[in-house]
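Some notes on the structure that comes next.
The values are calculated or read from the model by the stated rules, or taken from the named source; none is laboratory data. Only a predicted model underlies this, so the values are computations on that prediction, with no experimental measurement involved. Note: ideal-geometry Cβ built from the backbone for every residue, glycine included; neighbour counts use all protein chains shown.
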Amino acid sequence: MPQTATERMSIALVGEALIDFASDGGLSFRGHCGGSPLNSAVACARLGRASAYITQLSTDLFGEQLLQYLHSNGIDTRFVQRSDDPTTIAFVERGLQTNRYAFYSRDSADSRWAPEPLPRLPECCRFLHFGSISLLQEPAARRISEFVAANAGQRIVVFDPNVRLSLIGDLPAYRRQVHDWLADTDLLKLSDEDLAALLPGVPRETAASAWLSAGPRAVIITRGAAGAVLYRNGHAAMPIAAPTVAVVDTIGAGDAFTAGLSVALLDQGVREAADLDGLPDERWREVLRFAAATAALNCLREGADPPTRAEVDSFQPSR
């Protein structure tokens, strides 16, 4: 009998679903389906791993576009709820090194995700991703936190804070909350920009050590064109270079990297949080190379448009 999508699900992701309107300057914008965890879900699916997305979508025209986008990428949507509340909208101004964002998400469908009871993931689901702006508004923030806590210890929990300072009203309180989320986190992935927001002026090595002591088994800090660095207790830091590509757009690159991590770890046979500790250095290097290639290929196209597995496998970076 053929397996259903849920029975073969490897990765579940929970969070916002929004429309990104991107511009290179001025008031001419082009819309894309987005949201950090949603971008990662699409990347996981395109990389060949059955994935499920957990959110609440609006019944408005944008919500319909988002649902169609999930379906067209083969993502399991049985945990997606619907609501008459509006879709979150984000405006993005692209820059040479970073992007500027403006979000319109008050009382949006995804921010009001509050299922009762919480979804129950199947045993075959080995990774759960959470993070980003879905953790900044109630009731979604509380229910996502409860959902993550309910799954901690049962599957590998991946946290990407994807900090958006413009949406954080009380930064000290948010930093304390991040520390609480780390207790349920097995793999923390964040950027240099996230580091600067959470622990300003603190060196990467010092910050990684503090985060490792709070719960995660591994911390990966991405550095844009400079690559990324893996930190683990009892091991030397492991840097990985970023492939050289002709960048068109960096939107979604970090999300693609996060997806690449989980897919590559599954390829390496990682199924439990303890497996992260026993993975040999060379296997970790393969995981990081795969994630870096996934992120680099995402940058070759406009908007968050992650590559397929075939594209990553055939990728030949410039030297």
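See the values below:
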| quantity | calculated |
| --- | --- |
| Residues of the range 47-81 satisfying the condition of being basic (Lys, Arg) and in contact with a helix residue (DSSP H, G or I) (Cβ under 7 Å, 6 or more places away or on another chain) | ARG49 |
| Boolean, TYR174 is in contact with a strand residue (DSSP E or B) (Cβ under 8 Å, 6 or more places away or on another chain) and more than 26 Å from GLY260 (Cα to Cα) | no |
| Residue in the range 72-91 that is modelled with the lowest pLDDT, counting only those that are under 17 Å from GLY15 (Cβ atoms) and not in a loop (DSSP other than H, G, I, E, B) | ALA90 |
| Looking only at the range 163-179, and only at residues there that are touching a helix residue (DSSP H, G or I) at 6+ places or on another chain (Cβ under 8 Å) and part of a helix (DSSP H, G or I), the one that is surrounded by the fewest Cβ atoms within 10 Å (Cβ to Cβ) | LEU165 |
| Residues (without any contact (Cβ under 8 Å) to a residue 24 or more places away in the chain and in a helix (DSSP H, G or I)) located in the range 246-273 | ASP267 |
| Residue that is under 15 Å from ARG49 (Cβ atoms) and surrounded by fewer than 17 Cβ atoms within 10 Å (Cβ to Cβ), where the choices are ARG309, ARG285 | ARG309 |
| Residue within the range 51-71 that is closer than 25 Å to VAL247 by Cα and either at pLDDT below 90 or assigned to a strand (DSSP E or B) (or both) present | no |
| Some residue of the range 130-140 being more than 18 Å from ALA210 (Cβ to Cβ), surrounded by fewer than 17 Cβ atoms within 10 Å (Cβ to Cβ) and either of a type in the set (A, V, I, L, M) or more than 16 Å from the chain's Cα centre (by Cα) (or both) | yes |
| Residue count, the range 58-97 (criterion: in contact (Cβ under 8 Å) with a residue 24 or more places away in the chain and more than 30 Å from GLY26 (Cβ to Cβ)) | 15 |
